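To start, the structure itself, in structure tokens.
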Amino acid sequence: MAELTALAKALVELDEEQVMELVKQKLDAGEPAMNIIKECNEGMAGIGKRFEDGVYFLSELIFSAEILQNVMAELEPHLKESDQKAESRGIVVLGTVKGDIHDIGKNIVATLLTGAGFEVVDLGVDVPTEAFVEKVKETGAKVLGMSALLSFTYPEMKTVIDALKDAGIRDKVTVIIGGAPCNEQVREFVGADYYAIDAVTGVNISKQVYG
Ligand code: B1M
């Protein structure tokens with residue numbers, strides 16, 4: 001694994017002051033906000049590893065989320081600016097699946113989609129199957145994005161996709177899944193159309209769907 005950048009390292013160490021200072025320095029130096037997010041993702045993965053190893057506990061996870069939310073507040077205006085010219089492209093229904101309350105990644109996806117001109121219907125976290133299906137039906141959205149960060153919530157995504165089939169609308173909507181531990185195998189298991197490794201990929205797939 002490549003060595004962590006100073007920013008990712010500061011995040012792993014939960015050094016909030018240093019994280020915010022580095023983020024400001026990078027923005028001042030003209031670094032694109034998405035690059036900063038990438039570095040932060042590496043830091044969050046490092047925090048996850050420490051949690052798995054029993055070095056960090058839930059309190060550290062919570063604190064890391066708070067730091068990242070502060071970083072996002074700093075980055076958000078820059079993310080929106082980057083694609084302001086885009087006109088309205090279509091509707092994307094988005095949410096974190098039932099049983100899962102992780103929302104930092106989903107919120108980044110929502111910000112980028114909005115910045116790219118999509119109308120985002122964000123259902124929030126812990127979203128029940130019926131809510132996804134109803135919203136897709138009601139809005140006629142051609143894209144549904146589901147976020148899942150816990151392995152035990154993968155079957156929830158499959159349940160939603162089966163429910164779309166039962167409602168007769170599976171072929172009308174492109175389903176994208178995302179969230180740190182997801183991958184192509186998970187996509188295949190749940191029957192989604194795409195796995196988006198990051199928010200930019202999610203936006204690009206949505207652009208592709210809407211032409
Ligand atoms: Co949680 N947690 N957590 N946690 N947490 C993980 C996910 C974990 C991998 C840590 C670990 O052990 N290594 C692990 C899951 C293991 C597994 O199942 N494989 C874990 C666990 C176990 C838990 C709890 C069960 C802990 C406990 O209670 N014992 C608990 C579960 C709560 C629940 O949901 N029911 C829990 C709780 C929490 C907090 C609440 C403390 C907090 C979340 C706060 C919040 O979101 N508001 C938290 C955090 C912060 C993490 C880690 C450290 C960081 C997650 C994060 O925000 N990443 C995480 C470790 C890790 O990620 N490796 C971990 C940054 C974010 C920008 O990335 O969400 O992947 P991500 O989003 C990316 C892409 O994936 C993609 O774009 C985003 C931007 O590029 N993407 C999409 C995401 N969704 C998309 C949708 C799309 C397209 C792209 O649709 C179009």
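Since every read-out is calculated from the coordinates, none of them should be taken as a lab result. This one's a predicted model, so the numbers in the text were calculated from it and none came from an experiment. Don't worry about glycine lacking a Cβ; one is built from the backbone with ideal geometry, like all the others, and counts go over all protein chains shown.
Which number comes out as Rg/Rh for the chain once both Rg and the Kirkwood Rh are worked out on C-alpha atoms? Each step should come with its number before you reach the end.
On the way: Rg = 17.4 Å, Rh = 17.7 Å.
Ratio of gyration radius to Kirkwood radius for the chain: 0.98.
Which one, VAL109, GLN185, GLY168, is farthest towards the positive end of the dipole of the range 91-210 when Lys and Arg carry +1 and Asp and Glu -1 on their Cβ?
Result: GLY168, furthest along the dipole toward the positive end.
Could you tell me whether the range 157-211 comes out rounded, prolate or oblate from its Cα gyration tensor? Rule is a ≥ b ≥ c as square roots of the eigenvalues, rounded for a/c under 1.5, then prolate if a/b exceeds b/c, otherwise oblate.
On the way: a/c = 2.74, a/b = 1.21, b/c = 2.27.
Because a/c hits 1.5 or more and a/b fails to exceed b/c, the range 157-211 counts as oblate.
Just tell me the longest site-free run in the chain, where the sites are GluC sites (Glu not before Pro) in a DSSP loop having at most 10 other beta-carbon atoms within 10 Å.
88-211
Once Rh for the range 6-82 is found with the Kirkwood sum over Cα pairs, what is the Stokes-Einstein diffusion coefficient at 10 °C and 1.306 mPa s, in µm²/s? Please report the intermediate quantities before stating the final value.
Details: Rh = 12.5 Å.
In µm²/s, the coefficient is 127.
Out of the range 18-97, which chymotrypsin sites (Phe, Trp or Tyr not before Pro) are coil in DSSP terms and have no more than 13 other C-beta atoms within 10 Å? Can you show the working numbers first?
Values: sites: PHE51, TYR56, PHE57, PHE63; in loops: TYR56, PHE57.
Filter output for the range 18-97: PHE57.
Could you work out how far apart the two model spin labels at ALA29 and THR139 are, taking each label as a point 7 Å from the Cα in the direction of the beta carbon, and quote it in nm?
3.8
Debye calculation, C-alpha points only, no solvent: report log10 I(q)/I(0) for the range 32-76 at q = 0.24 Å⁻¹, in the same order as the q values.
Calculated log10 I(q)/I(0) at the listed q: -0.82.
Run the quick spin-label model on LYS49 and ASP166: label points 7 Å from Cα toward the beta carbon, then report their separation in nm to one decimal.
Here the answer is 4.2 nm between the modelled labels.
Taking the range 144-203, which chymotrypsin sites (Phe, Trp or Tyr not before Pro) meet the DSSP loop condition and have no more than 11 other C-beta atoms within 10 Å? Kindly include the intermediate steps, with their values, before the conclusion.
On the way: sites: PHE152, PHE189, TYR194, TYR195; in loops: none.
Of the chymotrypsin sites (Phe, Trp or Tyr not before Pro), not one in the loops of the range 144-203 has a Cβ with at most 11 other Cβ atoms within 10 Å.
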